[in-house]
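The values are calculated or read from the model by the stated rules, or taken from the named source; none is laboratory data. Just so it is clear, the model here is predicted, and its values are computed rather than measured. Reconstructed Cβ throughout: ideal geometry from the backbone, glycine too, with neighbour counts over all protein chains shown.
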Amino acid sequence: MFIAKMLRNAVTLIAAATLLVGIQTAAQAEEPDELNIAIILSAGIESGWDGTLIQALERVKAEQPNGLDISWQYTDPLWGDDAGDAMRLFAETGQYDIIWAHSTYSDQVKKLRDEFPEILFVVVGSGNEGLGGNQYWVYKRVHESAYLLGLIAGRMTESDTLGVVGTFPADDVNDEINGFFAGARSVNPDIKQKVAFIESWYDPAKAAEFTNAQISTGADFIFQLAANFEPCEEAKILCFANFQDDHNYSPTTIVSSAVALWDPDIKWIIDEWWAFKADGKPYAGNTEKRWFSLAEGGTDIAPYHALESSLPDDVKAEVADMKAKIAGGELEVPLDVSDPKSD
């Protein structure tokens, strides 16, 4: 009896060990070599918000993180039920590993994420709810870059009046507007600010109207978040662009741009998906905002291009010095999300 019991135990241990090896081998064999992403756009790839995401995906694809072959498909701009329907269609195909909804879409994700627990959902920017689990919340702040642009304007303005034309007042819009004026006042305490919101993602006529109004009050530098540079060209004043390097749109007016770089955000999401898919680690989506700073590669300013010679050397040197201090942690740009108003 004793010998028989020993044999049964030995057989059980061997079977368990064999099963464990089989599980480990299967897990190793299941390491993915492809990643398919479905993207819900909110404004279109011509916009800085959406266009910079696709540009970043191209760069990350070339790096092949974890040896992955990355592909994606994106929609036309969609909102509300249309966005939710598109997410469901993507999910039901079984072909997509990540659904990246590139704006305020947590309401739509909330209806789907429990039904599709294998999919990693991404929502982006202000107005979202941090759901956790398989929803991740990407945030983008360019207030540090805006601060550097404000420093240029504060040094070079002749009227001491600076303008900003924004889209909507929101947490991740207010921060960069306030950062711009903070940078200007850090070198010129006499700055007067003019702020207007067009209350639209894209309305060239209204953007022109508000820009002209600011110019008429004496603003000689405009931080243009609404992407209409014609009034600056007509008035022969200098502008700054937002989220992407827009220099080619107006080479004679755009000094630089506060650039959004989504590369670290994308890599973070890919790492989270990889840990789930290859290592069996449960999704643990963030419930609080997370963004990557200038030091972490999440934002930068664009080159001065053809206008570099129009900037004094001491101003360029000061900007480079301040940028190095921000990147090195010596200077912390204040994060102010209060609603900016005109003086």
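Looking at Phe229, Phe223, Phe240, which is the one that is more than 30 Å from Gly328 (Cα to Cα) and of a type outside the set (A, V, I, L, M)?
Phe229
Please determine whether any residue of the stretch 302-309 is in contact with a Pro (Cβ under 8 Å, 6 or more places away or on another chain) and exposed (fewer than 15 other Cβ atoms within 10 Å of the Cβ). Yes - at least one qualifying residue is present in the stretch 302-309. The requirement of being of a type in the set (S, T, N, Q) and either in contact with a strand residue (DSSP E or B) (Cβ under 6 Å, 6 or more places away or on another chain) or assigned by TED's automatic domain parsing to the domain that holds Gly130 (or both) is satisfied by Ser257.
Number of residues in the stretch 38-78 that are in contact with a Ser or Thr (Cβ under 6 Å, 6 or more places away or on another chain) and either at pLDDT below 95 or hydroxyl-bearing (Ser, Thr, Tyr) (or both): the value is 1.
Is one or more of the residues making up the stretch 130-147 closer than 15 Å to Lys323 by Cβ, modelled with pLDDT of 95 or more and not in a helix (DSSP H, G or I)?
Within the stretch 130-147, one or more residues are closer than 15 Å to Lys323 by Cβ, modelled with pLDDT of 95 or more and not in a helix (DSSP H, G or I).
Do any residues in the stretch 71-91 that are β-branched (Val, Ile, Thr) have Cβ atoms under 9 Å from those of residues that are not in a helix (DSSP H, G or I), where the two are at least six apart or on different chains, and which pairs are they? Pairs found: Thr75/Ala38; Thr75/Ile39; Thr75/Ile40; Thr75/Leu41. Residues in the stretch 50-105 that are exposed (fewer than 14 other Cβ atoms within 10 Å of the Cβ) and under 10 Å from Ile39 (Cα atoms): 2 in all.
On the stretch given as the stretch 57-92, residues that are in a helix (DSSP H, G or I) and either more than 26 Å from Lys110 (Cα to Cα) or of a type in the set (Val, Ile, Thr) (or both) total 9. Residues that are among the acidic types (Asp, Glu), outside any strand (DSSP E or B), buried (at least 17 other Cβ atoms within 10 Å of the Cβ) and not assigned by TED's automatic domain parsing to the domain that holds Ile98 do not occur anywhere in the stretch 272-287.
Those residues that are over 19 Å from Glu58 (Cβ atoms) and part of a strand (DSSP E or B), I need them from the stretch 244-271; list them, please.
Filtering the stretch 244-271 down to residues over 19 Å from Glu58 (Cβ atoms) leaves 247, 249-256, 258.
Result: Ile254, Val255, Ser256, Ala258.
Annotation: of all residues in the stretch 148-190 being touching a Gly at 6+ places or on another chain (Cβ under 6 Å) and assigned to a loop (DSSP other than H, G, I, E, B), the one that is farthest from Gly218 (Cα to Cα) is Asn188. Taking every residue in the stretch 229-243 that is in a loop (DSSP other than H, G, I, E, B) and pairing it with any residue that is acidic (Asp, Glu), at least 6 positions away or on another chain, the pairs with Cβ-Cβ distances below 6 Å are Ile237/Asp220.
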